Structures are given as C-alpha cells and as structure tokens.
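As structure tokens, the structure follows; a few thoughts come after it.
Quick note: the coordinates plus some simple rules give every number you see, no bench work behind them. In this text the structure is predicted, and so the values were computed from the model without any measurement. A quick note on method: Cβ atoms are made from the backbone with ideal geometry, for glycine too, and the neighbour counts reach across all protein chains shown.
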Amino acid sequence: MAKKKKGEDKNMGKVAIYPGSFDPITYGHIDIVERALEIFDKVIIAIAENAEKRPLFSVEERLQMVRTLFKDTPNVLADSFKGLLVNYVAKTNAKVILRGLRATSDFEYEFHMASMNRSLNTHLDTLFMMTSKDYFFVSSRTIKEVTKLGGGVEGLVPDLVARRLKEKFKLPITKKRQISWDD
Ligand code: ADP
C-alpha cells in the first residue's frame, strides 16, 4: 500500500489552510484559492479573529461573504479561528498553510511568520503562491480606503463585496451607467 503522504488524510485528501483577515475578501485572495485547487483537494479559508486589527467587517460578516461566494465550490470551506494558527491547523489534519505573496514588502513578514510557525510545529509547511499580475496591487486595506473615498473597485472585488463595502460606508449603491458618445 502506498505510504500516506504529508498533508493527506484518508477522508479529506490534500488540504490547505489559507489563513488571513479577509477584511474583506478580494479577487487577489480568490485567485490564490482557485489556483491552489489545482494542487489541493480542499482549501479552508480560515478567518483569524483578531480584534487588535480593528476589522471593518465582523467575523460573521466575513464568513458570510466567503461562504456565499464559494457556495457552488464544495471543496472550498470557510472557518474562523482564535489564537495560534498552528494550534488551529493541528486540529484540522491539514499539513500546509497557504499564503499569497505580492511585492517584496510581503516577503519579510511572511518569512518570519512561516519560520515561527515551523518552529512551533515542525510538521507544518507554508506554501507561498505568487500573486497574479492583475492583482499584485490589490489589498483589503486599499480596497477599503478607495471605497471610502468614493472610488470604484469593480473588477478587484466581487460585486457582493463591493455592495457590502458601500453599505458599511453608507455610500449609495448605484448601477454603473455606460456613458455613450451621444451623452
Ligand atoms: P493578513 O492580515 O493575515 O495578511 P490578508 O487577508 O490581508 O490577511 O491576506 C491573507 C493572505 O492573502 C496573505 O498571505 C496575503 O499576502 C495574501 N494576499 C492578500 N492580497 C493578495 C493579492 N492581491 N494577491 C495575492 N495574495 C494576496
């Protein structure tokens, strides 16, 4: 019988945990999830409950958005966790932490976190996927800032997320009107 590989569970296949704030989820995150599904059988989007970050959306609101967006993709699950990521991952049988990398500015922080997590649990690995060229400049923080100031974020976040952002900032939700040459 073939030896069970790292990250494999007889019931679950290869599972990756994709942790983060997802405040809110963007197409940058979604792109990483979709590409990870080429490698893993299941991706669990794990929303970190960290009040210190003063999130715009509650954990429940973030979970609801992720679950709605992936409702037709049964191998993507959404969950939340408190405390140490490695403790949460240990409870799920996954062996891989998935993270996205944008510019070099992400590298140092991610390198420290991955090294710390490895030192806390030597059975876990962190896998990094490079951002796509379309989303290298997309972060939840800039999406919130731009929306708050009235800028459009179409194409960078799903419509559902754009609507939720406008609701939060009490901005009018209008359909984009095409401007024709006759206007
Ligand atoms: P955190 O607060 O833990 O950084 P985020 O929700 O901001 O959580 O991001 C979760 C993960 O997704 C991080 O690894 C981050 O680098 C990655 N990520 C965020 N935006 C993008 C993007 N546009 N392209 C690729 N990866 C991204």
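For an R0 of 35 angstrom, estimate the FRET efficiency from the Cβ-Cβ distance between Asn50 and Lys133 and round to the nearest 0.05.
0.70
In this model, which of Lys144/Lys170; Lys144/Lys166; Lys148/Lys168; Lys71/Lys95; Lys14/Lys91; Lys42/Lys91 are farther than 21 Å apart at the alpha-carbon?
Details: Lys144/Lys170 13 Å; Lys144/Lys166 9 Å; Lys148/Lys168 9 Å; Lys71/Lys95 25 Å; Lys14/Lys91 15 Å; Lys42/Lys91 15 Å.
Correct reply: Lys71/Lys95.
Let me make sure I get this right: for the range 36-133, a, b and c are the square roots of the gyration tensor eigenvalues over alpha carbons, sorted descending. Under 1.5 in a/c it's rounded, otherwise prolate if a/b > b/c, else oblate. Which is it?
On the way: a/c = 1.29, a/b = 1.22, b/c = 1.06.
Taking the square roots of the gyration eigenvalues as a ≥ b ≥ c, the range 36-133 is rounded.
Please identify the DSSP H helices in the chain that span no less than 20 Å along the helix axis (Cα) and have a mean Kyte-Doolittle hydropathy of -1.0 or more.
104-120
So if the hydrodynamic radius of the range 27-80 is defined as the Kirkwood radius over C-alpha pairs, what does Stokes-Einstein give as its diffusion coefficient at 20 °C and 1.002 mPa s, in µm² per second?
Values: Rh = 11.9 Å.
Taking Rh from Cα pairs, D becomes 180 µm²/s.
With springs only between Cα atoms under 10 Å, which of Ala78, Ala46, Ala103 fluctuates most in a Gaussian network model of the chain?
Residue with maximal mean-square fluctuation among Ala78, Ala46, Ala103: Ala103.
Residue farthest toward the positive end of the dipole of the chain, with Cβ of Lys/Arg at +1 and Asp/Glu at -1: which of Gly152, Tyr135, Met113?
Value computed over the given set: Met113.
Rounded to the nearest 20 debye, what is the charge dipole size of the range 78-183 about its Cα centre when +1 sits on each Lys and Arg Cβ and -1 on each Asp and Glu Cβ? Each step should come with its number before you reach the end.
Numbers: 18 positive and 12 negative charges, 89 e Å.
It works out to roughly 420 debye.
Along the Cα→Cβ direction, 7 angstrom out, place labels at Arg141 and Ile39. What is the inter-label distance in nm?
With each label placed 7 Å out from Cα toward Cβ, I get 2.5 nm.
Any idea how far the Cα center of the range 138-177 sits from the one of the range 30-59, in Å?
19 Å
Along the charge dipole of the chain, pointing to its positive end and built from +1/-1 on Cβ of Lys, Arg, Asp and Glu, which listed residue (Asn50, Ser21, Gly100) has its Cα farthest out?
Among Asn50, Ser21, Gly100, the one farthest towards the positive end of the dipole of the chain is Asn50.
How would you classify the range 66-121 from its alpha-carbon gyration tensor, with a ≥ b ≥ c the square roots of the eigenvalues: rounded for a/c under 1.5, else prolate if a/b is greater than b/c, otherwise oblate? Write out the running numbers ahead of the final one.
Details: a/c = 2.55, a/b = 1.36, b/c = 1.88.
Here the range 66-121 falls in the oblate category.
Apply the a/c threshold of 1.5 to the C-alpha gyration tensor of the chain and tell me whether it is rounded, prolate or oblate.
Details: a/c = 2.04, a/b = 1.85, b/c = 1.10.
Here the chain falls in the prolate category.
Quick query: amide H of Val138 versus all other amide H atoms, modeled in the peptide plane; which residues come in under 5 Å with a sequence gap of 5 or more or a different chain?
The answer is none.
Name the long-range amide H neighbours of Leu127: under 5 Å, sequence gap of 5 or more, or other chain; modelled H, no Pro or chain starts.
Ile97, Leu98, Arg99
Under a point-charge model restricted to the Cβ atoms of Lys and Arg (+1) and Asp and Glu (-1), what is the dipole moment magnitude of the chain relative to its Cα centre, in debye to the nearest 20? Mind showing how you got there, number by number?
Working: 31 positive and 24 negative charges, 85 e Å.
For this selection, approximately 400 debye.
At 7 Å along Cα-to-Cβ for each site, give me the label-to-label distance between Ala90 and Thr68 in nm.
With each label point 7 Å from Cα toward Cβ, the separation is 3.7 nm.
Compare Met116, Met129, Met65 in a GNM of the chain, Cα atoms joined below 10 Å, and give the one with the largest fluctuation.
Met116
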